[in-house]
Amino acid sequence: MLDPSSSEEEDEVVEEERKVTQAPKTGAPRVSPNRTGESPGGLQPARTNNARPTSPGPSAALEKEKDDLEKMQREEEERKKRLQLYVFVMRCIAYPFNAKQPTDMARRQQKISKMHLQTVKDRFQAFLNGETQIVADEAFINAVQSYYEVFLKSDRVSRMVLSGGFSANDSRDVFKKHIEKRVRSLPEIDGLSKETVLSSWMAKFDTIYRGEEDPRKHQQRMTASAASELILSKDQLYEMFQQILGIKKFEHQLLYNACQLDNPDEQAAQIRRELDGRLQMADQIAKAGKFPKFVSKDMEAMYIEELKSSVNLLMANLESMPVSKGGEFKLQKLKRGHNTSIIDMGQEDENQLSKSDVVLSFTLEVVIMEVQGLKSLAPNRIVYCTMEVEGGQKLQTDQAEASKPTEKNMVICTATMPKLISYRIFLFCFQVVLHPTPNSPKQSEIHKMTVSKGCPDNDLRIKLAVRMDKPQNMKHCGYLWTIGKNVWKRWKKRFFVLVQVSQYTFAMCSYREKKAEPVELLQLDGYTVDYTDPQPGLDGGRTFFNAVKEGDTVIFASDDEQDRILWVQAMYRATGQSHKPVPPTQVQKLNSKGGTAPQLDAPISQFYADRAQKHGMDEFISANPCNFNHSSLFEMVQRLTLDHRLNDSYSCLGWFSPGQVFVLDEYCARNGVRGCHRHLCYLSDLLERAENGAMIDPTLLHYSFAFCASHVHGNRPDGIGTVTVEERERFEEIKERLRVLLENQITHFRYCFPFGRPEGALKATLSLLERVLMKDIVTPVPQEEVKAVIRKCLEQAALVNYQRLSEYAKVEGRLVTPAKKLEDTLRLAELVIEVLQQNEEHHAEAFAWWSDLMVEHAETFLSLYAVDMDAALEVQPPDSWDSFPLFQLLNDYLRLDYNLCNGKFHKHLQDLYAPLVVRYVDLMESSIAQSIHRGFERESWEPVNNLPNVNLPNVNLQMPKVPNLPVSVSLPPVQMPSFSASNWMPALSDTDNGSGTSEDLFWKLDALQTFIKDLHWPEEEFGKHLETRLKLMSSDMIESCVKRTRIAFEVKLQKSSRTTDFRVPQSICTMFNVMVDARAQSAKLCTMELEHLLRHIILGCSHFVVILESVLAKLSRYDEGTLFSSFLSFTVKAASKYVDVPKPGMDVADAYVTFVRHSQDVLRDKVNEEMYIERLFDQWYTSTMNLLGTWLTDRMDLQLHLYQLKILIRVVKKKYRDFRLQGVLDSTLNSKMYETVKNRLMLEEATASVRDGGMLGISMKDSDEEDD
């Protein structure tokens, strides 16, 4: 902002003046300078009478003209009011002495506008579409996708943007909290900490959020805006309040110059006049008894004391201001600390001044520019000057050649003189005597020097530049004629100095030469200065003025009008009088010295005042502030300032900027605006904005409300003890409005504080509500009362939230199919859970003291959903199981919530689904039982993988997780439970070698139990009941399956061949597999013990031993001593003489070995469980060895026939070898019975070798080798 006295602004002012002076020529009346740009039609309504076709009639035209005129008058009154208010504000900015700009206010963040929000959405959408160059992993993309869908696209965020309470910092914090949980849940990665991942994700977020903007430009812009947010200069404050009050730059320049805002003396004098006026006003109120209406009559006297006390405090503040303030003052220096140059005069304003109190100190600077006429000295002679101050020391200049006395400044003599002085300059025998004053011209002048006798240079001149700086406490000086009653009793011309001792103490002092102290002085307290006419009988002086006080009059006279005006203005500032002297004439005159060039009689300040008067500004400048209702004016400026603040680029939430706080504080202190009135107006304005949708910080409301409450209840927060009826009534009105607002905000907490933003606002709102409900400032409100209010709000909040959620979900009411209604209810359940999760994440902390009320709110919210849920379930077909996913969705959320688990809604949900679950289990039990009955009746005992057209359930990812395998049973016509297998179900076995009926049974039982388990039934008793019932059902079903399988197994073996021709059929293996699977499933599905059944099955494999018995029965025919044995032996021997007879008995042995090997291979390949195969082989081997041992023991007294011995040796050797290859342990193979059999066969072998001459290559030795 340019200095108001600059030439550029002067040109603008002249241009504006030209416009104003030309305006009347158009024929329109000039209403005000700021209306010159309006259309003439608005000022000349008579022109509208010519447009008769468009006018409805003369009366309507007159009515419109009247309305326009009234509107113009209202606008003019509003303009005048704002101009007057701006004058008061300007003076507060120009010379503050009470307030300073705070530096400890919280920094406000940049506001996000609607357009900016859309830009951010587009940037995140571009990232998700892969249109950016940002490299990101899948986890980050998923996090951004969730943030975009849940947060950025939320209508609550859009509403918050419109309220002006959403900043970029809020957006960043929400994303940071959003990803923290995700990152914490990620698995640990060696060498990469989760903090590093968080930092990386936040950096990528910032890159997406910023887009293509240059971060350096953004940082520079933010730095500049942040600096202006913290502290403002005077020029910036002027400009801000021009925008706030709608003041034009032209008007500001006129007012600035006319008010002399750049003159601290004038501003201090204005303050003194204002304070004196306020004291007088207090006295007038006390005399007239025109008090405001107080709540108590006793407060009237206190009110006067408070008025005077506040003025005295302001006087003390002003007194503490440094007298030497001057032009070096800068507003920025008010930031911290205290000025060390304060003159503390104590109580001297009440005492008479002494002459020592007004001693002046001057800084004198003398520069000798040139010496002319120095001819008597040789050119190369070195010369110098000396200077002698009266009563002081001598000073010497630099040296110079006599021929070059003008090459450079010869000296700068500087001295500080404590008195008015004269000084002499000597040059050899030449001297010049000067009498400088602070009013002496600053440019260099030529003086003639006094020549001593005998000096050849008679016309010697010296060019000097003399500068005497005026002390800060010297307000004016010069020669005046004066005469008074008590001082200056003779009419005489004297040198006067107006000295400021302190902010409230001034003195007119007359001095003589060579004297540091004044000769006489007049303390100006109580005097009134004014212009006066020339006094007869007083010779000397042309223009007169006087200073009058009760009992004393002092007459002054100066030599010209301009000097008189300057003296009167200076004394007017010093006296602090309310009457402003007006010069008798304001015309240009010729210089009294006879010059021809015209000049202004008045100083430049008078010129500005005349120009302001010309433009109608004089009434605003000269208006007495004490005659205005500053409470009303302050309410207006505070309201306009708040509007300006809420519309700037910061998310201020109603907080003023430091500069605005400074100006408003200064205005209140300077003009006596009561603190309670200020905060009541502030609260009213804030409430109005909040009621219209603006975001206002509840902490700010709490601060102002607490101040007003403390004042109304007599706690004197600002030292004011009086309370007016208006303040109390307005406080009660605002208290009620605030209560309604807070309850409404708590009711709409999800929409007033979306996602917990602004941070801590909801918690502060609850705290403020508790304060508002207090009857006074001492007695705390009962917690039950606060709880009742919050409970009511949260009950309404549940209704509001559910209504908006239903609207968002677009739930259709009528004319929809049951399936569609169930689908809508399921989607609504997902949204309900999302709302509850967001409440817990973003709002639960604020309701920490009222957590039980939040639980009630959640239950109320769920109860509203329960109505729609019940309606949807009622229209579902009987025995329909499609609603189970709804139970699973709701129950999975509720059972994990400590507060909602087994709550009212949760129990209702259980009561609703418990009969359905029981019915489902009943039908499944009947279905499975009949499937077992029918399945085993038609069972072919072929393994499932060999059955044609058998389709087990396919994997299905969709809900519900209920098996889906149709079963046809002869039950009443109901819809049986349908199963659909999901990939969460593991395979029952690696190979499907069981029967179709058993596989179907085990799969259904497992699926049913898994489904019931996945329901996670929350009630422990019913859950255990379901678990027990399913286990018992599984036990019964599996037992039935095992019994049927065992019966079929035994029947199959009974029908099988008992010779070595027997081959193990596939059905036997299938049955064995069914038994094995039954045991495995029983361990998982029930507590049934099937080990004895399997042991029985293994023992039931005695059919393998029966075949060995048949072989041994054939060998028994060769027992020694039998007729058949002798006959066989003779036949073989006779036949061997003629033909090649095969080895006797080898076909039987080979057939048996083949049977064993085939059976082992089939069992190993077809039976699923390896452990039971090994147990079967152990049992088989042990049983056959026992049988052989028993058979040989029965023939202990008999010698084995050669053929018996050969077959037995072959069987035993092959059995040992084959079973060892099948994994039978050595401890089992080399049992005692085996050793017994082996030893007996070896003994028989030795006997046969002696008796028959050998075994023809068959021997028990090397039993591991294959015989030829």
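The values are calculated or read from the model by the stated rules, or taken from the named source; none is laboratory data. Bear in mind that the values here come from a model prediction, so they are computed numbers and not experimental data. Reconstructed Cβ throughout: ideal geometry from the backbone, glycine too, with neighbour counts over all protein chains shown. Please note that ligands, DNA and RNA were not included when accessible areas were found on the heavy atoms of the full protein model with its side chains. Shrake-Rupley method; radii C 1.70, N 1.55, O 1.52, S 1.80 Å.
When the stretch 115-131 is limited to residues that are open to solvent by less than 50 Å² (accessible area, probe 1.4 Å) and more than 21 Å from the chain's Cα centre (by Cα), the one that is nearest to Met202 (Cα to Cα) turns out to be Phe127. In the set (1) open to solvent by less than 60 Å² (accessible area, probe 1.4 Å); (2) within 50 Å of the chain's Cα centre (by Cα); (3) of a type outside the set (Phe, Trp, Tyr); (4) at pLDDT 80 or above, Val323 fails one condition alone, (4). For the stretch 1187-1202, the condition holds for no residue, the condition being that it is modelled with pLDDT under 85 and either on the phi > 0 side of the Ramachandran plot or of a type in the set (Val, Ile, Thr) (or both).
Scan the stretch 836-852 and tell me whether some residue there is modelled with pLDDT under 90, of a type in the set (Asp, Glu) and more than 24 Å from the chain's Cα centre (by Cα). Scanning the stretch 836-852 turns up no residue that is modelled with pLDDT under 90, of a type in the set (Asp, Glu) and more than 24 Å from the chain's Cα centre (by Cα). The single condition from (1) in a helix (DSSP H, G or I); (2) open to solvent by 60 Å² or more (accessible area, probe 1.4 Å); (3) among the hydrophobic types (A, V, I, L, M, F, W, C) that Val778 fails is (1). Scanning the stretch 280-319 for residues that are touching a Lys or Arg at 6+ places or on another chain (Cβ under 7 Å) and open to solvent by 40 Å² or more (accessible area, probe 1.4 Å) yields one hit, Val295. Comparison of Arg156, Arg182, Arg108 shows that the only residue that is farther than 25 Å from Val835 by Cα and among the basic types (Lys, Arg) is Arg108. For Lys100, the test of being open to solvent by 60 Å² or more (accessible area, probe 1.4 Å), touching a Ser or Thr at 6+ places or on another chain (Cβ under 9 Å) and farther than 28 Å from Ser200 by Cα is failed. Here Asp824 meets each of (1) open to solvent by less than 40 Å² (accessible area, probe 1.4 Å); (2) under 29 Å from the mean Cα position of the chain (by Cα) with one exception, condition (2).
Out of the stretch 891-940, which residues are outside any helix (DSSP H, G or I) and on the phi < 0 side of the Ramachandran plot?
Arg895, Leu896, Asp897, Tyr898, Asn899, Leu900, Cys901, Gly903, Arg938, Glu939, Ser940
Taking the conditions (1) touching a Leu at 6+ places or on another chain (Cβ under 9 Å); (2) open to solvent by 70 Å² or more (accessible area, probe 1.4 Å); (3) more than 28 Å from Ser1067 (Cα to Cα) in turn, Tyr1203 satisfies each one other than (2).
Checked against (1) open to solvent by 20 Å² or more (accessible area, probe 1.4 Å); (2) over 29 Å from Met240 (Cβ atoms); (3) out of contact with any Ser or Thr (no Cβ under 8 Å at 6 or more places or on another chain), Ser154 passes all but a single condition, namely (1).
A quick yes/no check of all residues on (1) of a type in the set (S, T, N, Q); (2) modelled with pLDDT under 85; (3) over 30 Å from Arg757 (Cα atoms):
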site: Gly616; (1), (2), (3): no, yes, yes
site: Asn627; (1), (2), (3): yes, no, yes
site: Asp648; (1), (2), (3): no, no, no
site: Ser651; (1), (2), (3): yes, no, no
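Of all the numbered requirements in (1) among the polar types (S, T, N, Q); (2) buried (at least 19 other Cβ atoms within 10 Å of the Cβ); (3) out of contact with any Phe, Trp or Tyr (no Cβ under 7 Å at 6 or more places or on another chain), Ser651 misses one, and that requirement is (3). Of the residues making up the stretch 1001-1028, just one is closer than 23 Å to Asn902 by Cβ and of a type in the set (Gly, Ala, Ser), namely Gly1023.
Only one entry of Phe1002, Phe1011 meets the criterion of being among the aromatic types (Phe, Trp, Tyr), closer than 12 Å to Ile932 by Cβ and at pLDDT 75 or above, and that entry is Phe1002. Among the residues making up the stretch 668-692, those that are open to solvent by 20 Å² or more (accessible area, probe 1.4 Å), basic (Lys, Arg) and within 30 Å of Asn627 (Cβ to Cβ) are Arg674, Arg678. Residues in the stretch 440-458 that are of a type in the set (Asp, Glu) and modelled with pLDDT of 75 or more: 1 in all. Pairs are defined by a Cβ separation below 6 Å, a sequence spacing of at least 6 or placement on different chains, a first member in the stretch 161-188 that is β-branched (Val, Ile, Thr), and a second member that is loosely packed, with under 15 Cβ neighbours inside 10 Å; the pairs so defined are Val161/Lys114; Val183/Lys194.
Of all residues in the stretch 693-733, those being in a loop (DSSP other than H, G, I, E, B) and open to solvent by 50 Å² or more (accessible area, probe 1.4 Å) number 5.
Inside the stretch 1218-1232, can you point out the residues that are free of Cβ contacts under 8 Å to residues at least 60 places away in the same chain, surrounded by 16 or more Cβ atoms within 10 Å (Cβ to Cβ) and part of a helix (DSSP H, G or I)? Phe1219, Arg1220, Thr1228, Leu1229, listed by residue number.
Among the residues in the stretch 865-882, are any within 22 Å of Gln837 (Cβ to Cβ), among the acidic types (Asp, Glu) and modelled with pLDDT of 90 or more? Looking for residues that are within 22 Å of Gln837 (Cβ to Cβ), among the acidic types (Asp, Glu) and modelled with pLDDT of 90 or more, one finds at least one in the stretch 865-882, hence yes.
Ser1040 satisfies every condition listed in (1) open to solvent by 10 Å² or more (accessible area, probe 1.4 Å); (2) in contact with a Lys or Arg (Cβ under 8 Å, 6 or more places away or on another chain); (3) at pLDDT 80 or above except (2). For the condition modelled with pLDDT of 90 or more and of a type in the set (Phe, Trp, Tyr), Phe140 qualifies. Restricting attention to the stretch 472-491, the residues that are open to solvent by less than 10 Å² (accessible area, probe 1.4 Å) and without any contact (Cβ under 8 Å) to a residue 60 or more places away in the chain total 1.
For the stretch 914-973, a tally of residues being among the polar types (S, T, N, Q), modelled with pLDDT under 50, over 23 Å from Leu822 (Cα atoms) and under 60 Å from the mean Cα position of the chain (by Cα) returns 2. Taken over the stretch 637-681, the criterion of being under 24 Å from the mean Cα position of the chain (by Cα), within 25 Å of Glu732 (Cβ to Cβ) and either outside any helix (DSSP H, G or I) or among the aromatic types (Phe, Trp, Tyr) (or both) is satisfied by Gly654 alone. May I ask you to verify whether Gly756 is within 30 Å of Ser309 (Cα to Cα) and open to solvent by less than 40 Å² (accessible area, probe 1.4 Å)? Here the answer is no, as Gly756 does not meet what is asked. The combined condition, being farther than 30 Å from Arg172 by Cα, at pLDDT 90 or above and either outside any helix (DSSP H, G or I) or among the basic types (Lys, Arg) (or both), is not fulfilled by Lys121.
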